[in-house]
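To keep things clear, I will list the structure first and then write my remarks on it.
The values are calculated or read from the model by the stated rules, or taken from the named source; none is laboratory data. Model, not experiment: these values are computed from the prediction. Reconstructed Cβ throughout: ideal geometry from the backbone, glycine too, with neighbour counts over all protein chains shown.
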């Protein structure tokens, strides 16, 4: 049996398996966290940077898909600072996105469009 740890996410105390990925806990709790490159079956990648969160005690935002859960973590996914960081990352993604993307042509199939809206 794995060890459970307590953490606080958006001012709510929760429990998670020690060492599990933070993004898995967020997705399990249905906390909206934008992401492009992460899939549970494929593991962590960290390329898109959309899953940024604030963690108390860290100098800068961290990616949730490559952050292991630790006891006593205090995480924010909705602060003004983290929302501004995500907007900047989304803008960079949009600038570098190909205009002739075949996925975007299929209405409602593009996560980039969903996050933008």
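Within the range 21-58, work out how many residues are assigned to a loop (DSSP other than H, G, I, E, B), farther than 17 Å from residue 84 by Cβ and at pLDDT 90 or above. The number of residues fulfilling the criteria is 5. Scanning the range 59-91 for residues that are part of a loop (DSSP other than H, G, I, E, B) and within 17 Å of residue 18 (Cβ to Cβ) gives 67, 69, 70, 71, 72, 73.
Which of the residues belonging to the range 9-21 are touching a strand residue (DSSP E or B) at 6+ places or on another chain (Cβ under 7 Å) and either closer than 11 Å to residue 77 by Cα or surrounded by 18 or more Cβ atoms within 10 Å (Cβ to Cβ) (or both)? Answer for the range 9-21, where residues must be touching a strand residue (DSSP E or B) at 6+ places or on another chain (Cβ under 7 Å) and either closer than 11 Å to residue 77 by Cα or surrounded by 18 or more Cβ atoms within 10 Å (Cβ to Cβ) (or both): 9, 10, 14, 16, 21.
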